[in-house]
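The values are calculated or read from the model by the stated rules, or taken from the named source; none is laboratory data. Keep in mind it's a predicted model, so treat the numbers as computed, not measured. Quick reminder, even Gly has a Cβ in these numbers, built from the backbone with ideal geometry, and neighbours come from all protein chains shown.
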Amino acid sequence: MVKELEKLREDEVEVVMKAPIYVAILIAGADGDIDKHERREAVDIANNRQSRSREQLSEYYKAIDFHADFERMIGELPTGVDERTTAIIRELRKLNFILKKVDRPWAIKLHASLKDLSKKIAEASGGLMSYLTISYEESKLMELKMLQDPATF
């Protein structure tokens, strides 16, 4: 168990632990189907979080099995882009209440990390040579506007 999440209920911990995977699926699938290249890129970027995450988040990211969870969650979510996006946004919005219950500096770092993850996946999934160009659909979601900034709590 990640120390910062010990105060949370089991269902709340589950939402927090799934958040980076939801973000990866949201952005990778923003413009339709999530192809093999986008899956690999999203998982690779997310796995890099485990080794390069902010010190306070390293335990959190190491507790997530990105590859297995990413594939499992894609299978559980609706296949239509609009339905999938709606379902993911609904889950991510739960963080607005849950993160108020954890250490504020940790919540701020997690929020920043999720936004950075979103940006990196958007940059990796499109454009010239499949890099550094963000699609319109990705740009609408990339800022994760469904999440409140914990710095304002």
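Annotations
- Ala42 falls short on exactly one of the conditions (1) assigned to a helix (DSSP H, G or I); (2) of a type in the set (A, V, I, L, M); (3) surrounded by fewer than 12 Cβ atoms within 10 Å (Cβ to Cβ), and that condition is (3).
- Counting the residues of the stretch 60-76 that are acidic (Asp, Glu), assigned to a helix (DSSP H, G or I) and exposed (fewer than 15 other Cβ atoms within 10 Å of the Cβ) gives 2.
- Restricting the search to helices (runs of 4 or more DSSP H) fully inside the stretch 87-152 and requiring at least 1 residues that are within 19 Å of Ile45 (Cα to Cα) and at pLDDT below 90 gives 104-124, 136-142.
- Residues in the stretch 5-29 that are assigned to a loop (DSSP other than H, G, I, E, B) and free of Cβ contacts under 8 Å to residues at least 40 places away in the same chain were compared, and the one that is surrounded by the most Cβ atoms within 10 Å (Cβ to Cβ) is Arg9.
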